[in-house]
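Right, one structure below, let's go through it.
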Amino acid sequence: MCQGLSCILLSVGLVLLAAGQVSASSVLIGGLWDLSGGHCREGRAASMAAERAVGLINSQGGIDGRHLELLTKDTRGEPGRLLLEARDLARDRGVMALLGPSSGLLASVLSDYAEAHEIPLVLTAGYRPLICLKKKIPFTGPLVSILISGLQ
(Lines give C-alpha, C1' and ligand atoms only; values in the text may rest on other atoms or scores of the structure.)
Protein backbone atom coordinates (compact mmCIF):
# COMPACT_ATOMS: atom_id res chain seq x y z
CA MET A 1 0.00 0.00 0.00
CA CYS A 2 2.82 2.39 0.85
CA GLN A 3 4.51 2.06 -2.55
CA GLY A 4 1.22 2.72 -4.35
CA LEU A 5 0.42 5.67 -2.10
CA SER A 6 3.93 7.08 -2.62
CA CYS A 7 3.34 6.94 -6.33
CA ILE A 8 -0.04 8.64 -5.99
CA LEU A 9 1.34 11.41 -3.77
CA LEU A 10 4.26 11.93 -6.13
CA SER A 11 1.90 12.11 -9.10
CA VAL A 12 -0.40 14.62 -7.40
CA GLY A 13 2.61 16.69 -6.36
CA LEU A 14 3.97 16.74 -9.90
CA VAL A 15 0.60 17.81 -11.26
CA LEU A 16 0.41 20.63 -8.72
CA LEU A 17 3.92 21.76 -9.60
CA ALA A 18 3.14 21.67 -13.32
CA ALA A 19 0.02 23.74 -12.70
CA GLY A 20 2.06 26.31 -10.78
CA GLN A 21 0.13 25.83 -7.55
CA VAL A 22 3.14 25.09 -5.38
CA SER A 23 5.51 27.92 -4.58
CA ALA A 24 6.41 27.36 -0.92
CA SER A 25 9.37 25.34 0.31
CA SER A 26 7.04 22.47 1.30
CA VAL A 27 3.86 21.00 -0.12
CA LEU A 28 1.06 20.69 2.46
CA ILE A 29 -1.27 17.71 2.06
CA GLY A 30 -4.27 17.09 4.32
CA GLY A 31 -5.21 13.63 5.56
CA LEU A 32 -8.79 13.04 6.75
CA TRP A 33 -9.30 9.69 8.44
CA ASP A 34 -11.36 8.14 11.21
CA LEU A 35 -8.74 7.66 13.93
CA SER A 36 -11.09 7.14 16.88
CA GLY A 37 -14.49 6.01 15.55
CA GLY A 38 -15.98 2.91 13.96
CA HIS A 39 -13.46 2.74 11.10
CA CYS A 40 -10.39 3.65 13.16
CA ARG A 41 -8.52 0.50 12.15
CA GLU A 42 -8.75 1.44 8.48
CA GLY A 43 -8.07 5.08 9.27
CA ARG A 44 -4.94 4.36 11.27
CA ALA A 45 -3.65 2.05 8.55
CA ALA A 46 -4.23 4.68 5.85
CA SER A 47 -2.65 7.38 8.00
CA MET A 48 0.43 5.25 8.69
CA ALA A 49 0.76 4.37 5.00
CA ALA A 50 0.51 8.05 4.07
CA GLU A 51 3.15 8.99 6.67
CA ARG A 52 5.48 6.31 5.33
CA ALA A 53 4.85 7.43 1.75
CA VAL A 54 5.59 11.06 2.64
CA GLY A 55 8.76 9.96 4.45
CA LEU A 56 9.87 7.92 1.46
CA ILE A 57 9.29 10.77 -0.99
CA ASN A 58 11.03 13.27 1.30
CA SER A 59 14.01 10.93 1.80
CA GLN A 60 14.48 10.99 -1.97
CA GLY A 61 14.53 14.78 -2.18
CA GLY A 62 10.80 15.50 -2.18
CA ILE A 63 9.08 16.82 -5.28
CA ASP A 64 11.20 19.21 -7.28
CA GLY A 65 13.21 19.90 -4.11
CA ARG A 66 10.13 20.56 -1.99
CA HIS A 67 9.28 18.29 0.92
CA LEU A 68 5.78 17.02 1.53
CA GLU A 69 4.13 17.75 4.86
CA LEU A 70 1.11 15.67 5.87
CA LEU A 71 -1.40 17.32 8.21
CA THR A 72 -3.68 14.61 9.61
CA LYS A 73 -7.13 15.19 11.13
CA ASP A 74 -9.42 12.75 12.96
CA THR A 75 -12.90 12.73 11.42
CA ARG A 76 -14.22 10.28 14.08
CA GLY A 77 -16.16 8.72 11.20
CA GLU A 78 -18.68 11.56 11.28
CA PRO A 79 -19.74 13.43 8.10
CA GLY A 80 -20.05 16.77 9.92
CA ARG A 81 -16.64 16.41 11.50
CA LEU A 82 -15.17 15.40 8.13
CA LEU A 83 -16.47 18.61 6.55
CA LEU A 84 -15.24 20.80 9.42
CA GLU A 85 -11.77 19.29 9.27
CA ALA A 86 -11.66 19.46 5.45
CA ARG A 87 -12.55 23.16 5.61
CA ASP A 88 -9.88 23.75 8.25
CA LEU A 89 -7.22 22.03 6.16
CA ALA A 90 -8.20 23.62 2.85
CA ARG A 91 -9.14 27.13 3.86
CA ASP A 92 -7.25 27.78 7.08
CA ARG A 93 -4.15 25.60 6.68
CA GLY A 94 -3.78 25.97 2.89
CA VAL A 95 -3.25 22.34 1.91
CA MET A 96 -2.70 21.68 -1.79
CA ALA A 97 -4.54 18.33 -1.80
CA LEU A 98 -6.61 16.05 0.45
CA LEU A 99 -6.37 12.33 1.23
CA GLY A 100 -9.11 10.24 2.81
CA PRO A 101 -11.55 9.09 4.14
CA SER A 102 -11.55 5.79 6.05
CA SER A 103 -14.94 4.51 4.90
CA GLY A 104 -16.81 4.33 1.65
CA LEU A 105 -19.79 6.01 3.26
CA LEU A 106 -17.81 9.22 3.69
CA ALA A 107 -16.13 9.09 0.27
CA SER A 108 -19.02 10.84 -1.46
CA VAL A 109 -19.12 13.53 1.25
CA LEU A 110 -15.41 14.28 0.82
CA SER A 111 -15.59 14.02 -2.98
CA ASP A 112 -18.45 16.50 -3.11
CA TYR A 113 -16.57 18.92 -0.84
CA ALA A 114 -13.34 18.67 -2.85
CA GLU A 115 -15.18 19.14 -6.13
CA ALA A 116 -17.16 22.15 -4.87
CA HIS A 117 -13.97 23.79 -3.57
CA GLU A 118 -11.73 22.66 -6.45
CA ILE A 119 -9.25 20.80 -4.26
CA PRO A 120 -7.36 17.78 -5.61
CA LEU A 121 -8.41 14.65 -3.74
CA VAL A 122 -7.01 11.14 -3.44
CA LEU A 123 -9.66 8.78 -2.09
CA THR A 124 -8.44 6.02 0.22
CA ALA A 125 -11.84 4.31 0.52
CA GLY A 126 -15.02 3.94 -1.48
CA TYR A 127 -16.00 3.15 -5.02
CA ARG A 128 -15.49 6.49 -6.76
CA PRO A 129 -12.43 7.21 -8.90
CA LEU A 130 -9.25 7.05 -6.86
CA ILE A 131 -8.00 10.50 -7.84
CA CYS A 132 -10.29 13.50 -8.20
CA LEU A 133 -8.57 16.64 -9.39
CA LYS A 134 -10.17 19.96 -10.13
CA LYS A 135 -10.95 20.49 -13.79
CA LYS A 136 -8.29 23.17 -14.27
CA ILE A 137 -5.48 20.68 -13.58
CA PRO A 138 -4.81 18.16 -16.35
CA PHE A 139 -3.88 14.68 -15.17
CA THR A 140 -2.47 13.11 -18.29
CA GLY A 141 0.10 10.98 -20.04
CA PRO A 142 3.23 10.00 -18.13
CA LEU A 143 1.74 10.65 -14.71
CA VAL A 144 -1.04 8.16 -15.35
CA SER A 145 1.56 5.58 -16.41
CA ILE A 146 3.57 6.24 -13.24
CA LEU A 147 0.44 5.88 -11.13
CA ILE A 148 -0.66 2.62 -12.76
CA SER A 149 2.80 1.06 -12.54
CA GLY A 150 3.04 2.02 -8.86
CA LEU A 151 -0.23 0.29 -8.04
CA GLN A 152 0.67 -3.01 -9.68
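The values are calculated or read from the model by the stated rules, or taken from the named source; none is laboratory data. Remember, it's a predicted structure, so these values are computed and weren't measured experimentally. Every residue, glycine as well, gets a Cβ built from its backbone with ideal geometry; the counts of neighbours run over all protein chains shown. Protein only, heavy atoms only, side chains kept; ligands, DNA and RNA dropped before computing areas. Shrake-Rupley method; radii C 1.70, N 1.55, O 1.52, S 1.80 Å.
Every residue in the stretch 64-92 that is closer than 13 Å to His117 by Cβ and either out of contact with any Phe, Trp or Tyr (no Cβ under 9 Å at 6 or more places or on another chain) or buried (at least 24 other Cβ atoms within 10 Å of the Cβ) (or both), please.
To start, the set of residues in the stretch 64-92 that are closer than 13 Å to His117 by Cβ comprises 83, 86-92.
Selection gives Ala86, Asp88, Leu89, Arg91, Asp92.
Would you check which residues across the stretch 22-44 are modelled with pLDDT under 90 and surrounded by fewer than 16 Cβ atoms within 10 Å (Cβ to Cβ) and list them?
Ser23, Ala24, Ser25, Ser26, listed by residue number.
Restricting the first residue to the stretch 52-79 and requiring it to be in contact (Cβ under 8 Å) with a residue 40 or more places away in the chain, which pairs with a second residue that is in a helix (DSSP H, G or I) and open to solvent by 40 Å² or more (accessible area, probe 1.4 Å) meet a Cβ separation below 7 Å and a spacing of at least six or different chains?
Filtered contacts from the stretch 52-79: Ile57/Leu10; Ile63/Leu10; Ile63/Leu14; Leu70/Glu51; Thr75/Arg81.
Report, ordered by the first and then the second residue, all pairs with beta carbons closer than 7 Å, sequence separation of six or more or different chains, a first member in the stretch 96-109 that is more than 20 Å from Ala53 (Cβ to Cβ) and of a type outside the set (Ser, Thr, Tyr), and a second member that is open to solvent by less than 10 Å² (accessible area, probe 1.4 Å) and in a helix (DSSP H, G or I).
Leu106/Leu82; Val109/Leu82
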